[in-house]
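Structure, as structure tokens:
The values are calculated or read from the model by the stated rules, or taken from the named source; none is laboratory data. Just so it is clear, the structure is predicted and the values come from calculations on it, not from any experiment. All Cβ positions, glycine included, derive from the backbone under ideal geometry; neighbour counts span all protein chains shown.
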Amino acid sequence: MVNLARSGRILQTDMVFEGAHAETAESLKVIRPKVQHALILILSAETPESLQTLEGKEALAQRIRKALNALLKEDEKSGVKEVLFTNFIMQ
């Protein structure tokens, strides 16, 4: 759960990361604090307006995927292929 930018609103979300290989999940576990930090920074920079549309949510998923692959020093062919939201609540 994070506070959204310039709004006083919060976002609660759950995500699943689909990796190119089984090793991707293990690599993400090893750097979990860095992953959590990156997610907090990315999510808290969003505004409610940017997340109300399907396009906004898809763009957010792509930014998260790119950030995770940068942490892993991988690309989408060998690292995180997809970020899937399994819960997405703004209040």
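Residue 54 - would you say it is within 14 Å of the chain's Cα centre (by Cα) and of a type outside the set (Asp, Glu)? Spelling it out, it is not the case that residue 54 is within 14 Å of the chain's Cα centre (by Cα) and of a type outside the set (Asp, Glu). The set of residues in segment 2-51 being at positive phi and of a type outside the set (Gly, Ala, Ser) consists of 6 alone. Return the only residue of 62, 36 being loosely packed, with under 12 Cβ neighbours inside 10 Å and within 12 Å of the chain's Cα centre (by Cα). Of 62, 36, the one residue that is loosely packed, with under 12 Cβ neighbours inside 10 Å and within 12 Å of the chain's Cα centre (by Cα) is 36. Within segment 66-91, restricting attention to residues that are part of a helix (DSSP H, G or I) and either more than 9 Å from the chain's Cα centre (by Cα) or without any contact (Cβ under 8 Å) to a residue 24 or more places away in the chain (or both), the residue that is farthest from residue 4 (Cα to Cα) is 72. Kindly indicate whether residue 29 is in a helix (DSSP H, G or I) and surrounded by 14 or more Cβ atoms within 10 Å (Cβ to Cβ). Here the answer is no, as residue 29 does not meet what is asked. Do we have residue 43 as modelled with pLDDT of 95 or more, in a helix (DSSP H, G or I) and within 20 Å of residue 9 (Cβ to Cβ) here? When the stated conditions are applied, residue 43 passes them. Of the residues making up segment 7-23, those that are under 15 Å from the mean Cα position of the chain (by Cα) and either assigned to a helix (DSSP H, G or I) or under 15 Å from residue 68 (Cβ atoms) (or both) are 13, 15, 16, 17, 18, 19.
Do you know which residues across segment 40-60 are among the small types (Gly, Ala, Ser) and touching a residue at least 40 places away in the same chain (Cβ under 8 Å)?
Taking segment 40-60 first, the residues among the small types (Gly, Ala, Ser) are 44-45, 50, 56, 59.
Within segment 40-60, 44, 45 qualify.
Within segment 1-24, being polar (S, T, N, Q), at pLDDT 95 or above and surrounded by 15 or more Cβ atoms within 10 Å (Cβ to Cβ) holds for one residue alone: 13.
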